[in-house]
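A.B. asks: Here it is, the structure in full.
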Amino acid sequence: MAGEADPWMAAMRRGDFTAAWAISDRVLRKYPVGPGEAALPRHEQRLWDGRALDGKRVLVHCYHGLGDTLQFVRLLPLLRARCRQLVLWAQPALLGLLDGIAGADRVLPLHDGAPEVERDADVELMELPHILRLGVSEIPPPARFPAVAAWRPRSPARNPLRIGIAWRAGEWNPTRSLPEASLRWLDEVPGIECHSLQYPGRPRPFRAAELACRDLVELARRMRALDAVVSVDSMPAHLAGTLGVPAWILLPEPCDWRWMTVRRDTPWYPRMRLLRQARPGDWARPLAELRAALTAWAGMAGTAPRCPAGMPTAQA
């Protein structure tokens, strides 16, 4: 099975989803979903056995990270149009954001035990692109969170620009995180005001106000009052993208399949721009591009629109 994973990854990274789903189909036929899945870590477990879900009661499990859930809940309405009932079993930290989310009849807190839900089929949230045979051109807009959509922040001043910064990803993949010393230059860029998106209390290598909080609804509301977000590949990147906040995302080489290759934009988040390493471990180029972009934008504050050059204006 491991040997078949590389062609799948290559297809996804070049945006050939059709080829990837054909590979996934072959894997399902060769390695059917069975009781052995339960012995794997949750995020590696396959739940869907390939059968049609039309008219079924479906439980959607969120076994990956918080950012993955934020990215893929946009697909729930597409599945709900096929099935009779859809229950979302999601991480407790996200329940406030997911309350009333389109496509889910109920949202329940994920826990370590068995789900106490009557259903006909189980799927993992990140299996939905395969189940739906999603194409790159068919990716729907990000989900809207009812708890945040009706909240309107006061317009922040254009000078200084308020920039949220997330420089550390999860410890499970340190290649996504920036060396803390690499951001000290932020103190030298006039016209910007940095706000830390890391958990409260984390030491900061540059001057920054505390923005992050453990309540993600409050974090989302505060994030919407920012002019832009700078983040590594982690949950704040997906939250900014979903909220429609302009964002620059710094990506390692190689990066996760969802960001594909070469391109500077992403079909997942219209107001996001990707800054990529040229070589594994070398952050020099993406950080230089970021510094140039922030310096140019801050230098135009008061005369330029709040959206940085090259990014679309706010979503409808």
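Where a number appears in this text, it was derived from the coordinates with a stated rule and is not lab data. A quick note: this is a predicted structure, and the numbers were derived from the prediction, not measured. Using ideal geometry, Cβ is built from the backbone for each residue, glycine included, and neighbour counts are taken over all protein chains shown.
A.B. asks: How large is ³J(HN,Hα), in whole Hz, for each residue of region 100-110 in order, when computed from phi with the Karplus curve 6.51 cos²θ - 1.76 cosθ + 1.60 and θ = phi - 60°, using x for Gly and Pro?
C.D. replies: Residue by residue, region 100-110 yields x, 4, 5, x, 9, 6, 8, 10, 10, x, 5 Hz.
A.B. asks: Sticking with this structure for a sec: Over all distinct Cα pairs, what is the inverse of the mean 1/r for region 35-143, reported as the Kirkwood hydrodynamic radius in Å?
C.D. replies: 14.0
A.B. asks: Same structure again: Do me a favour and compute the ellipsoid semi-axes for region 192-316 from its Cα gyration tensor, root of five times each eigenvalue, largest one first, whole Å.
C.D. replies: Sorted largest first and rounded, they come to 21, 18, 16 Å.
A.B. asks: Can you tell me the 0 to 90 degree angle between the C-alpha axis of helix 284-299 and the longest principal axis of the chain, rounded to 10?
C.D. replies: 60
A.B. asks: Once R0 is set to 22 Å, what does the formula 1/(1 + (r/R0)^6) return for the Cβ-Cβ distance between Arg106 and Glu218, expressed as a FRET efficiency to the nearest 0.05?
C.D. replies: Efficiency, rounded to the nearest 0.05: 0.40.
A.B. asks: Same structure again: Modelling each spin label as a point 7 Å along the Cα-to-Cβ direction, I'd like the Asp187/Asp282 distance in nm, to one decimal.
C.D. replies: 2.9
A.B. asks: So what are the ³J(HN,Hα) numbers for region 166-173, from phi and the Karplus equation (6.51, -1.76, 1.60; θ = phi - 60°), rounded to whole Hz, Gly and Pro as x?
C.D. replies: 3J(HN,Hα) across region 166-173, in whole Hz: 10, 10, 10, 9, x, 5, 5, 9.
A.B. asks: In addition: Going by alpha carbons, how many degrees (0 to 90, nearest 10) lie between the helix axis of 17-30 and the longest principal axis of the chain?
C.D. replies: Relative to the chain, helix 17-30 is tipped by roughly 40 degrees.
A.B. asks: Along the charge dipole of the chain, Cβ charges K/R +1 and D/E -1, which of Ser177, Pro160, Leu97 sits furthest on the positive end?
C.D. replies: Pro160
A.B. asks: Would you please give the residues with an amide H less than 5 Å from that of Leu251, counting only those at least 5 places away or on a separate chain, with H modeled from the backbone geometry?
C.D. replies: Residues meeting the amide H criterion: Leu275, Arg276, Gln277.
A.B. asks: In whole percent, what relative contact order does the chain give with Cα contacts below 8 Å and a gap of six or more residues?
C.D. replies: Relative contact order for the chain comes out at 17 percent.
A.B. asks: Rounded to whole Hz and in sequence order, give me ³J(HN,Hα) for region 259-270 from the Karplus expression 6.51 cos²θ - 1.76 cosθ + 1.60, θ = phi - 60°, writing x for Gly and Pro.
C.D. replies: 8, 6, 10, 6, 4, 9, 10, 8, x, 6, 9, x
A.B. asks: At 4 °C and 1.567 mPa s, grab the translational diffusion coefficient of the chain from Stokes-Einstein with a Kirkwood Rh over Cα pairs, rounded to a whole number in µm² per second.
C.D. replies: 63
A.B. asks: Suppose R0 equals 30 Å; then what is the FRET efficiency for Ser137 and Tyr199 from their Cβ-Cβ distance, rounded to the nearest 0.05?
C.D. replies: For R0 = 30 Å, the calculated efficiency reads 0.20.
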